[in-house]
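The values are calculated or read from the model by the stated rules, or taken from the named source; none is laboratory data. This structure is a prediction, so every number in the text was calculated from the model and none was measured. Cβ atoms come from the backbone with ideal geometry, glycine included; neighbour counts cover every protein chain shown.
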Amino acid sequence: MLRLPPFRYHRPATVAQAIEVMGEHAGDAMFVAGGTDLIPNMKHRLFEPGHLVALKGIEELRGVRIDDGHLRIGAAETISHVASNPEVLNRFPALADAAGHIAGPQLRNSGTIGGNLCLDTRCTYYNQTAFWREALGYCLKKDGDVCHVIRVGKKCVAAHSADTPPVLMTLDAVATLVGPDGQRSVPVRDFFVADGIVNSRRAPDEIVTELRIPLASAERKQAYAKLRVRKSIDFPLLTVAIAADLDGDGTVRSIEGVVTALGSRPHVLTGWGDVAVGRRLDDQVVDELAERAHKQCHPLENMIVDHEWRRAMVPVYVRRALEKLGAA
Amino acid sequence: MSAATEIVRLTVNGDRQEVGVPTHFTLLETLRYALGLTGSKQGCDKGDCGACTVILDGEPTLSCITPVWEAEGRTVTTVEGLASREAPHPLQDAFDLNGAAQCGFCTPGILCSAAALLERTGDPTREQIKEALAGNLCRCTGYTKIYDAVEAAAAAMQNGASVGGASG
């Protein structure tokens, strides 16, 4: 049995009210949407806010619609709705694929797309009960000063473990954030920072209200591949998102690959354009791209599976994603 | 911070309930410890295993990580609400006849996931059944008999077996 620490639950009706309530309890409150990440983390005493400000009941955060050349997805839309939305399925199949592979059905019914963007980083030494963590002497990310993954490390290396952000990056999605000082737009590719403790540029009093994906991105061939132990429930051990612009004869005009679940933020694979642009995605090019990915991906012991196996899976999953992309 | 208590209003298995709970209670804690409905199980208690699955407005939901306030004003069906006064839910019959429950701990959650599936899809494929139950862990059966039972229940319902409980 894992009890939650005591808190008050606030259910504002609008974004403005949510920000006001957050302001009233500054420093002792957190926003919660689906709660599928935050609630277990609170049960593990990783967060103990005295107040939760709920976002899921806010109507203006819902809906998927086309407007001004973009597909606009309300941040409180559930993962289930995003995965099954016809516009998402038709235009951005890799996003539907990634969303449909998050956790299990019940978690997708509760979890939200905004929450997936804001998912806390994960680590074997962090996502544990308070008792477990105390027995080990805590860690850099929470309550301690030692990293158990890299003993001499001074920087937290907990892994970014969300499925949709790599895909959103390859589709040039932009997040809208609203806070006490107003609204701003942050491209998803600039949303994350290389710090496992807090890995996003969202301030604690800011709400992700919307994700906008340019409809032009629907022209790209897209694919997503995910490594995990079981085919359900598990967080990713590695994900690969790829998008490419191809000419009519299959010649690559541009290509981008993003991997995650390795470090604290998604990693844009470098050197892919040099390999593939002007060529077709034949076996030779696929091998070269997989090799490039393998060279620059170094999984850490921040998850409870063999990190060398995870590294060996990098080229395998890059190939699988490229095969999917070719078949799309 | 000391725990405050407030009254939450929700509909559980067709009954309107007003119950005082600590403000940090989950839906599962409210069901088990405030309403005495212990059918929904407290397994991992952190959203991994699916033993606490209930049907919230038609959707299978993990009650152990759902703050009770998210269920306020909404309709909750637990395993206790599947059967009617007269007869078990066809799924319960089929689980019995197919030996789909062994230790039984995962069964209430699986029944809820399966009942929600059959509400949406009267004649699911084996693949759809597997997908619908992918968030429910069973350590005894190996799932085969569970899938068989859900198929049998779907067939029985297509042939007119009635669902008389709160979910019907």
Restricting to the range B:55-75, and then to whatever is of a type in the set (A, V, I, L, M) and in contact with a Leu (Cβ under 7 Å, 6 or more places away or on another chain), can you tell me which residue is nearest to the other protein chains (Cβ to nearest Cβ)?
B:L62
Inspect all residues belonging to the range B:76-95 and state whether any of them is within 13 Å of another protein chain (Cβ to nearest Cβ), crowded, with 17+ Cβ neighbours inside 10 Å, under 22 Å from B:L10 (Cα atoms) and in contact (Cβ under 8 Å) with a residue 12 or more places away in the chain.
no
In the range A:52-72, which residues are closer than 22 Å to A:L4 by Cβ and surrounded by fewer than 18 Cβ atoms within 10 Å (Cβ to Cβ)?
A:G57
Do we have A:P12 as over 26 Å from B:K46 (Cβ atoms) and either in contact with a Gly (Cβ under 7 Å, 6 or more places away or on another chain) or part of a loop (DSSP other than H, G, I, E, B) (or both) here?
yes
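Conditions (1) surrounded by fewer than 19 Cβ atoms within 10 Å (Cβ to Cβ); (2) closer than 19 Å to B:N136 by Cα; (3) in contact (Cβ under 8 Å) with a residue 60 or more places away in the chain, marked per residue:
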{"position": "B:V8", "(1), (2), (3)": "no, no, yes"}
{"position": "B:E18", "(1), (2), (3)": "yes, no, no"}
{"position": "B:L28", "(1), (2), (3)": "no, yes, no"}
{"position": "B:T38", "(1), (2), (3)": "yes, yes, no"}
Working only within the range A:227-267, note down all residues that are under 21 Å from A:I113 (Cα atoms) and within 14 Å of another protein chain (Cβ to nearest Cβ).
A:R228, A:K231, A:S232, A:I233, A:D234, A:F235
Hey, among A:A76, A:A103, A:A96, which residue is assigned by TED's automatic domain parsing to the domain that holds A:I213, part of a helix (DSSP H, G or I), within 30 Å of B:N136 (Cα to Cα) and of a type in the set (A, V, I, L, M)?
A:A96
Conditions (1) free of Cβ contacts under 8 Å to residues at least 24 places away in the same chain; (2) within 20 Å of A:G104 (Cβ to Cβ); (3) more than 14 Å from chain A (Cβ to nearest Cβ) -> B:R126 fails only (1)
List every residue pair whose Cβ atoms sit under 7 Å apart, with the two residues 6 or more apart in sequence or on different chains, where the first one lies in the range A:220-242 and is under 17 Å from A:A173 (Cα atoms) and the second, anywhere, is of a type in the set (K, R) and not in a strand (DSSP E or B).
A:A223/A:K324
Out of all the residues in the range A:13-32, which are within 26 Å of the chain's Cα centre (by Cα) and of a type outside the set (A, V, I, L, M, F, W, C)?
A:T14, A:G27, A:D28
Contact list, first residue from the range A:1-27 and within 11 Å of another protein chain (Cβ to nearest Cβ), second anywhere and of a type in the set (K, R), beta-carbon distance below 6 Å, six or more apart or interchain, is A:L2/A:K43; A:L2/B:K46; A:L4/A:K43
Of the residues A:I242, A:I255, only one is in contact with a Leu (Cβ under 7 Å, 6 or more places away or on another chain) and either not hydrophobic (A, V, I, L, M, F, W, C) or not assigned by TED's automatic domain parsing to the domain that holds A:M169 (or both); which?
A:I242
Tally the residues that are under 15 Å from A:S264 (Cα atoms) and touching an Asp or Glu at 6+ places or on another chain (Cβ under 8 Å), restricting the search to the range A:119-133.
3
Filtered residues of the range B:8-45 (kept if within 13 Å of chain A (Cβ to nearest Cβ), closer than 15 Å to B:V68 by Cα and of a type in the set (G, A, S)):
B:S40
Which condition number does A:Y125 fail, the rest of (1) within 21 Å of A:H298 (Cβ to Cβ); (2) not in a loop (DSSP other than H, G, I, E, B) being met?
(2)
With (1) in the same structural domain as A:I207 (by TED's automatic domain parsing); (2) in contact (Cβ under 8 Å) with a residue 40 or more places away in the chain as the list, and A:T129 as the residue in question, which single condition is left unmet?
(1)
Determine whether A:V88 is touching a Leu at 6+ places or on another chain (Cβ under 8 Å) and either within 14 Å of another protein chain (Cβ to nearest Cβ) or modelled with pLDDT of 95 or more (or both).
yes
Might you check whether a residue that is touching a residue at least 24 places away in the same chain (Cβ under 8 Å), within 14 Å of chain B (Cβ to nearest Cβ) and on the phi > 0 side of the Ramachandran plot occurs anywhere in the range A:37-59?
yes
